[in-house]
Amino acid sequence: MHLTEEQLNEYLDNESAERVQIESHLSACDECAARLTALQTLFAEIESLPELELTHSIAARFTLRATPSLPVGQLPTWLTLTATLQAALALITVILAAPFIAELLPAIETPSLTELFLQLQSQWTAWLDLLAAFQLPTLPEIPVFEISSLVLTLTLAGVSTLWLVGNGLLLRNQR
C-alpha cells in the first residue's frame with residue numbers, strides 16, 4: 001500500500017504523527033520516494049518564484065470608500081431618516097392594530113390535532129371515492145378494414161421509396 005498525497009504533504013510540513021512509519025515506507029518503496037522527491041522539487045520551484053506586485057488592487061472594489069461629505073461606514077442622512085421613519089410607522093401600525101387583533105383572538109377557534117386528522121382523513125376518503133368513480137370517456141369504435149399483408153408491405157415499400165427519392169432530390173438541390 002502506497003502513501004497518500006496527504007501523508008506526503010504532512011511529512012514535508014513536519015506535521016505527521018506517523019513520521020517513523022512514513023520514513024520506513026519511503027526507504028522500502030521507490031515509487032513513494034520518487035513522489036516525495038517530485039513534491040520537494042515542486043515546492044522548491046514555487047518558493048524560488050519572484051514575488052510580483054499587482055498592478056491594481058482588487059480589494060479596492062469591495063471596501064467602503066469615504067465620500068467627501070461622509071466618513072467611512074456612515075450611511076447618508078436621507079437613508080438613515082427613511083429607515084427611522086419606516087420603523088416608526090411600523091410601530092404605530094402595530095400599536096393601532098393591537099386592540100382589533102385582541103378582539104379577534106377569542107373569536108378564532110383553533111381546531112385540535114384530532115380534529116385536524118379527522119378532517120384530513122375525510123378529505124382523503126372523499127378524494128379516493130372521487131378517483132374510484134372516475135371513468136375515462138369511451139372511444140367510438142373504428143371500423144376495421146381487412147388489408148392483406150402483401151398490400152400493406154407494398155404500400156410501405158412505395159411510401160419509403162418516395163420518401164427516399166424526395167430526400168435525395170432535396171439534398172441534391174442544396175449543393
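The values are calculated or read from the model by the stated rules, or taken from the named source; none is laboratory data. Here the structure is a predicted model, which means the values were calculated and not measured. Reconstructed Cβ throughout: ideal geometry from the backbone, glycine too, with neighbour counts over all protein chains shown. Side chains included, ligands, DNA and RNA excluded: accessible areas come from the protein's heavy atoms. Shrake-Rupley method; radii C 1.70, N 1.55, O 1.52, S 1.80 Å.
Between L49 and E15, the C-beta separation translates, for a Förster distance of 30 Å, into a calculated FRET efficiency of about 0.80. The charge dipole of the chain, taken about the Cα centre with unit charges on the Cβ atoms of Lys, Arg (+1) and Asp, Glu (-1), comes to about 1260 debye, rounded to the nearest 20.
When restricted to Cα atoms, the chain yields an Rg and a Dmax of 41.2, 95 Å, respectively. Note on region 1-60: with neighbouring protein chains present and a 1.4 Å probe, carbon and sulfur make up 56 percent of its accessible heavy-atom surface.
Run the numbers on the chain and let me know its relative contact order in percent, using alpha-carbon pairs under 8 Å that are six or more apart.
Working: 21 pairs, mean separation 13.3, N = 175.
Contact order relative to length: 8 percent.
Given a 10 angstrom Cα cut-off, can you work out which residue in E53, E109, E141 is the most mobile in a GNM of the chain? Per the Cα network of the chain with a 10 Å cutoff, E141 tops the list. Rounded to the nearest whole angstrom, the semi-axes of the ellipsoid equivalent to region 95-142, taken from the Cα gyration tensor as √(5λ), stand at 47, 17, 5, largest first.
Once the Cα-Cα distance is subtracted from the 0.36 nm per residue extended length, the A38 to M1 segment shows a gain of 11.4 nm.
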